[in-house]
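So the structure is just underneath, and the comments pick up after that.
The values are calculated or read from the model by the stated rules, or taken from the named source; none is laboratory data. None of these values were measured; they are calculated from a predicted model. In this analysis, Cβ positions are derived from the backbone assuming ideal geometry, glycine residues included, and neighbour counts consider all displayed protein chains. What goes into the accessible areas is simple: the full protein's heavy atoms, side chains included, and nothing from ligands, DNA or RNA. Shrake-Rupley method; radii C 1.70, N 1.55, O 1.52, S 1.80 Å.
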Amino acid sequence: MTVELLNITKTYKKNRGVHNIEVTIDAGEITALVGANGAGKSTIIKLLTGQLMQDEGEIIGFSKEALRYMPDDLNFPDTLTAAEILALLANLKKVPSDKIPKLLEQVGLADKGHLRVSEYSKGMRQRLNLAQSLIGDGDLYILDEPTNGLDPFWIATLKKMLVDEKEKGTHVLFSTHLLSFAEEIADQVIMLHEGEVIAKGNIQTLLTTYHCQTLEQLWLTLTSLENVQ
Ligand SMILES: Nc1ncnc2c1ncn2[C@@H]1O[C@H](COP(=O)(O)OP(=O)(O)OP(=O)(O)O)[C@@H](O)[C@H]1O
């Protein structure tokens with residue numbers, strides 16, 4: 001099963017949002033959503049996760065039950081410990097609480113689960129955000145700027161986790177400003193510019209087609225064209 005955005009348009013009151021978006025997310029692949037600030041990445045993620053409703057178009061193949069989601073700005077209640085927060089969220093997803101020690105361990109917080117989130121650094125909060133997105137077995141995994149606040153070790157660990165998810169047959173879609181991160185692990189890319197898709201498809205095929213060595217080169221080439229197709 002694939003998830004498809006068909007001719008999606010979302011306009012905010014004064015701003016354009018995204019326009020005529022046609023995107024397919026395949027199971028067992030990693031799709032990277034890339035583009036400059038304001039290009040429309042978060043809007044697409046919010047449409048996919050049901051936080052926004054499109055003005056036009058249709059999303060098919062999406063089921064809320066299948067969704068696991070790592071937002072870019074998750075605020076946790078400061079007075080709860082990380083283990084308590086994960087227990088609450090596991091309970092909501094009907095996942096047994098005995099999975100929590102493993103989740104904490106996966107994000108390197110095994111010995112910090114008893115601490116209140118107010119005592120966490122930014123990177124630790126982001127790892128807790130990652131841990132909550134690992135709860136359950138939903139096979140549509142969406143991550144909004146997952147590398148934010150992570151140090152190089154945790155960026156490398158995140159890469160392995162996403163590749164493992166892909167190998168389990170999960171649909172993985174993440175947004176990023178880091179084109180090298182996208183290039184290293186994604187199969188497909190959706191490149192956005194001013195609310196429109198300017199390139200999409202298999203990364204290697206796109207690089208060959210446009211005679212580029214890297215995604216950064218491709219992005220610079222496409223965004224400097226006078227008439228973007
Ligand atoms: N709540 C909102 N109200 C009005 N305009 C908005 C709102 N959210 C986004 N926009 C506009 O929609 C466009 C796309 O924004 P979006 O947040 O999707 O971009 P982005 O690619 O995620 O950017 P960034 O990399 O800066 O997070 C921008 O022009 C932005 O100003």
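Across region 26-41, which residue is nearest to the ligand (Cβ to nearest atom) among those that are farther than 21 Å from ASP139 by Cα and outside any loop (DSSP other than H, G, I, E, B)? Break it down into steps so the answer makes sense when it comes.
Filtering region 26-41 down to residues farther than 21 Å from ASP139 by Cα leaves 34-40.
Right, trim to outside any loop (DSSP other than H, G, I, E, B) and you get 34-35.
Values: VAL34: 9, GLY35: 5 Å.
It comes out as GLY35.
Kindly indicate the residue of region 1-19 that is within 13 Å of GLU56 (Cα to Cα), within 14 Å of the ligand (Cβ to nearest atom) and polar (S, T, N, Q) and also most open to solvent (accessible area, probe 1.4 Å) among those meeting that condition.
Once the filter is applied, the top-ranked residue is THR11.
Out of region 23-41, which residues are touching an Asp or Glu at 6+ places or on another chain (Cβ under 6 Å) and open to solvent by 10 Å² or more (accessible area, probe 1.4 Å)? Outline the logic, then answer.
Taking region 23-41 first, the residues touching an Asp or Glu at 6+ places or on another chain (Cβ under 6 Å) are 24, 29-30.
If the condition is that a residue be touching an Asp or Glu at 6+ places or on another chain (Cβ under 6 Å) and open to solvent by 10 Å² or more (accessible area, probe 1.4 Å), then THR24, GLU29 are the ones that fit.
Across region 64-94, which residue is farthest from the ligand (Cβ to nearest atom) among those that are among the hydroxyl-bearing types (Ser, Thr, Tyr) and not in a loop (DSSP other than H, G, I, E, B)? Steps first, please.
The first filter runs over region 64-94 and keeps only residues among the hydroxyl-bearing types (Ser, Thr, Tyr), leaving 69, 79, 81.
This time we only want the ones that are not in a loop (DSSP other than H, G, I, E, B), so: 69, 81.
Values: TYR69: 15, THR81: 30 Å.
Result: THR81.
Within region 142-155, take every residue that is of a type in the set (A, V, I, L, M, F, W, C) and over 15 Å from ILE25 (Cα atoms) and give me the one that is most open to solvent (accessible area, probe 1.4 Å).
Going through the qualifying residues, I end up with PHE153.
For region 118-229, list the helices (runs of 4 or more DSSP H) that sit wholly inside it and hold at least 2 residues that are β-branched (Val, Ile, Thr); which are they?
The qualifying helices (runs of 4 or more DSSP H) are 152-167, 203-209, 215-223.
Only one of these conditions is not met by GLU145: (1) at pLDDT 95 or above; (2) farther than 19 Å from ASP73 by Cβ; (3) not aliphatic (A, V, I, L, M). Which number is it?
(2)
Hey, does region 42-63 have a residue that's under 20 Å from ALA186 (Cα atoms), within 16 Å of the ligand (Cβ to nearest atom), open to solvent by 40 Å² or more (accessible area, probe 1.4 Å) and in contact (Cβ under 8 Å) with a residue 40 or more places away in the chain?
yes
Quick test for you: out of ILE142, ILE198, pick the one residue that is touching a residue at least 12 places away in the same chain (Cβ under 8 Å), of a type in the set (Val, Ile, Thr) and under 21 Å from LYS93 (Cα atoms). I'd like the intermediate steps shown before the answer.
Working: ILE198 fails: under 21 Å from LYS93 (Cα atoms).
On inspection, the qualifying residue turns out to be ILE142.
The rows are residues; the columns are (1) surrounded by fewer than 20 Cβ atoms within 10 Å (Cβ to Cβ); (2) under 26 Å from HIS19 (Cα atoms); (3) out of contact with any Cys (no Cβ under 9 Å at 6 or more places or on another chain).
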site: GLY123; (1), (2), (3): yes, no, yes
site: ASP137; (1), (2), (3): yes, no, yes
site: THR157; (1), (2), (3): yes, no, yes
site: VAL163; (1), (2), (3): yes, no, yes
site: LEU178; (1), (2), (3): yes, yes, yes
site: GLN188; (1), (2), (3): no, yes, yes
site: MET191; (1), (2), (3): no, yes, yes
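Would you point out which residue out of GLY195, GLY149 is out of contact with any strand residue (DSSP E or B) (no Cβ under 9 Å at 6 or more places or on another chain) and not basic (Lys, Arg)? If you could, list the steps in order and put the result at the bottom.
Numbers: GLY195 fails: out of contact with any strand residue (DSSP E or B) (no Cβ under 9 Å at 6 or more places or on another chain).
Only one candidate passes the filter, namely GLY149.
Name every residue in region 119-139 that is charged (D, E, K, R), in contact (Cβ under 8 Å) with a residue 12 or more places away in the chain and over 21 Å from LYS94 (Cβ atoms), in order of residue number.
The answer is LYS122, ARG125, ARG127.
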